[in-house]
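Read through the structure below, which is laid out as structure tokens, and then see the notes.
The values are calculated or read from the model by the stated rules, or taken from the named source; none is laboratory data. Note that this is a predicted model, so its numbers are computed, not measured. Here the Cβ is made from the backbone with ideal geometry for all residues, glycine too, and neighbour counts use every protein chain on show.
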Amino acid sequence: MNSFSYTRAQAVETAAREVSTNHTAKFIAGGTNLLDLMKENVERPTRLVDLTRLPLNQIEDTDKGLRLGALATNANTAYDERVEERYPLLSKAILAGASAQLRNMATDGGNLFQRTRCYYFYDLATPCNKREPGSGCSAITGYNRVCGILGTSESCIATHPSDMCVALAALKATVNVTGATGERTVEFADFHRLPGNEPERDNNLKPDEIVTSIDLPADGERFAKNFTYLKLRDRASYAFALVSVAAALDMDGDTIKEARVALGGVAHKPWRKAEAEDLLKGQAATKVNFERVAASLLEGAKGYGSNTFKIELAKRAIVRALTMAANGQH
Ligand SMILES: Cc1cc2nc3c(=O)[nH]c(=O)nc-3n(C[C@H](O)[C@H](O)[C@H](O)COP(=O)(O)OP(=O)(O)OC[C@H]3O[C@@H](n4cnc5c(N)ncnc54)[C@H](O)[C@@H]3O)c2cc1C
Ligand code: SF4
């Protein structure tokens, strides 16, 4: 680990300014991802700006829905009564991730920024465009079991490993950020990005922008009855998703009024496709209809050898998750 200096942020604006003027400084929150990366020398910030004393850990009602402070822990969010009752899909997704100890430290803001679990990203002896732009991608022709099948590029086939983010995508959350030049709100679909030819960039934020809160829209409460988060992985617990599905249905009797389906473990960002979801509008909850959604979501999927199995796995997982959601099985 390289030596670095440390400061405790006193205010959001000054913290943003500090990182905007020092390109080797980084924010730190729970530290559950960043410290691991620093110990492995994958990330080498010269200065850490600790956000944890900022007053951003509240979960509160707003006129638009429920607001999660960026420093609310994953545990406090998952067990918050309002989240459990109104956005249970989010509780379920968070609790599918990591371990109880990690969820006690990990923050909601930090969860959005967690980096890929591609093996080569952590292995300094191998080329990796995400870690060292221009060096090449070892995963494309290497061992890519955990890598992506959708939205990949010749530069990078990594996936975003978060469970929480898959549910936030399905719930159409929005993210409030403050940077050195002011505040803005980002739609969840626009927060993360595909790798393209700049895989070193995981998201569309500037380095000095701090996530201050995440808004769950009130209309997401329609999905509190018919939902599930299905996570398929190599071990039953404490493992990242090979494929995960956040499925949520707004139903009128046996008819689907609206569907939301987001996939994790398959792309550089949670994968959603409005046209696939629209296929279920006004339709019955049948296996054939769910198979159509799966085919649409996986359109253009490409396997790279050891991860090709994910294409069929994802299709089956989508059908199973939608069936469970329709039956009210969580
Ligand atoms: C062993 C292990 C298993 C895990 N398993 C899972 C799993 O199964 N599913 C899953 O989803 N996750 C899993 N995780 C990941 C875990 O959820 C993340 O590490 C955690 O959410 C990151 O939050 P943090 O507050 O600790 O972030 P930190 O490590 O403090 O920061 C991570 C990044 O976010 C940036 N950052 C933090 N807060 C902000 C902010 N408010 N604004 C701007 N930038 C910010 C930091 O600069 C840093 O780059 C696992 C982690 C470990 C170590
Ligand atoms: S897939 Fe991305 S993260 Fe993995 S080796 Fe290739 S460039 Fe690096």
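Residue under question is His192, and the condition is that it be under 14 Å from the mean Cα position of the chain (by Cα), farther than 16 Å from Arg67 by Cβ, within 16 Å of ligand 2 (Cβ to nearest atom) and crowded, with 24+ Cβ neighbours inside 10 Å; does it hold?
No, not satisfied.
Within the range 137-156, the residues that satisfy the criterion of being crowded, with 18+ Cβ neighbours inside 10 Å and touching a Lys or Arg at 6+ places or on another chain (Cβ under 9 Å) are Cys137, Val146, Cys147, Gly148, Ile149, Leu150, Gly151, Thr152, Ser155, Cys156. Among residues of the range 157-186 being of a type in the set (Val, Ile, Thr) and within 16 Å of ligand 2 (Cβ to nearest atom), the one that is surrounded by the most Cβ atoms within 10 Å (Cβ to Cβ) is Thr159.
Out of the residues in the range 30-75 meeting the condition of being over 30 Å from Ala218 (Cα atoms) and hydroxyl-bearing (Ser, Thr, Tyr), tell me which one is nearest to ligand 2 (Cβ to nearest atom). First the steps, then the outcome.
We begin by selecting, within the range 30-75, every residue over 30 Å from Ala218 (Cα atoms); these are 31-50.
Retained after the next criterion (residues that are hydroxyl-bearing (Ser, Thr, Tyr)): 32, 46.
Details: Thr32: 19, Thr46: 23 Å.
Among those that are over 30 Å from Ala218 (Cα atoms) and hydroxyl-bearing (Ser, Thr, Tyr), it is Thr32.
A search for C-beta distances below 8 Å between a residue of the range 302-330 that is without any contact (Cβ under 8 Å) to a residue 24 or more places away in the chain and any residue that is outside any loop (DSSP other than H, G, I, E, B) and buried (at least 20 other Cβ atoms within 10 Å of the Cβ), counting only pairs 6+ apart in sequence or on different chains, returns Arg316/Ala294.
Taking the range 161-206 as the range and being of a type in the set (Asp, Glu) and without any contact (Cβ under 8 Å) to a residue 40 or more places away in the chain as the test, the residues that pass are Glu183, Glu187, Asp190.
Among the residues of the range 64-78, is any part of a strand (DSSP E or B), in contact (Cβ under 8 Å) with a residue 24 or more places away in the chain, more than 15 Å from ligand 1 (Cβ to nearest atom) and not aromatic (Phe, Trp, Tyr)? Give the derivation first.
Initial filter on the range 64-78 (part of a strand (DSSP E or B)): 65-69, 73.
After this cut, where a residue has to be in contact (Cβ under 8 Å) with a residue 24 or more places away in the chain as well, the list is 65-69, 73.
Applying the additional criterion that residues be more than 15 Å from ligand 1 (Cβ to nearest atom) yields 65-66.
Okay, now just the ones that are also not aromatic (Phe, Trp, Tyr), so 65-66.
Scanning the range 64-78, I find at least one residue that is part of a strand (DSSP E or B), in contact (Cβ under 8 Å) with a residue 24 or more places away in the chain, more than 15 Å from ligand 1 (Cβ to nearest atom) and not aromatic (Phe, Trp, Tyr), so the answer is yes.
Tell me which residues, restricted to the range 221-235, are assigned to a helix (DSSP H, G or I) and buried (at least 24 other Cβ atoms within 10 Å of the Cβ).
Residues of the range 221-235 assigned to a helix (DSSP H, G or I): 221-223.
Matches in the range 221-235: Phe223 only.
Could you tell me whether Ala98 is of a type outside the set (Asp, Glu), near ligand 1 (Cβ under 9 Å from one of its atoms), modelled with pLDDT of 95 or more and under 21 Å from Val146 (Cα atoms)? So Ala98 fits the description; yes.
Of the residues Asn327, Asn289, Asn307, only one is crowded, with 23+ Cβ neighbours inside 10 Å, farther than 29 Å from Gly69 by Cβ and of a type outside the set (A, V, I, L, M, F, W, C); which? Please lay out each step first, then the result.
On the way: Asn327 fails: crowded, with 23+ Cβ neighbours inside 10 Å; Asn289 fails: crowded, with 23+ Cβ neighbours inside 10 Å.
Criteria check complete, one pass: Asn307.
How many residues does the range 172-192 contain that are of a type outside the set (Gly, Ala, Ser) and touching a Phe, Trp or Tyr at 6+ places or on another chain (Cβ under 6 Å)? Going through the range 172-192 one residue at a time, the tally reaches 1.
Could you list, in sequence order, all residues of the range 108-136 that are assigned to a loop (DSSP other than H, G, I, E, B), within 16 Å of ligand 1 (Cβ to nearest atom), buried (at least 24 other Cβ atoms within 10 Å of the Cβ) and not β-branched (Val, Ile, Thr)? Give the derivation first.
Taking the range 108-136 first, the residues assigned to a loop (DSSP other than H, G, I, E, B) are 114-118, 123-127, 129-136.
Filter once more, so that each one left must be within 16 Å of ligand 1 (Cβ to nearest atom): 114-118, 130-131.
From what's left, buried (at least 24 other Cβ atoms within 10 Å of the Cβ): 116, 118, 130.
Once the filter is applied, which keeps residues that are assigned to a loop (DSSP other than H, G, I, E, B), within 16 Å of ligand 1 (Cβ to nearest atom), buried (at least 24 other Cβ atoms within 10 Å of the Cβ) and not β-branched (Val, Ile, Thr), the range 108-136 yields Cys118, Lys130.
Condition check for Leu216 on (1) of a type outside the set (S, T, N, Q); (2) surrounded by 23 or more Cβ atoms within 10 Å (Cβ to Cβ); (3) over 30 Å from Gly179 (Cα atoms); (4) away from ligand 1 (no atom under 13 Å from the Cβ): one failure, at (3). The residue that is farthest from ligand 1 (Cβ to nearest atom), counting only those in the range 146-190 that are among the charged types (D, E, K, R), under 25 Å from Leu322 (Cα atoms) and in a loop (DSSP other than H, G, I, E, B), is Lys172.
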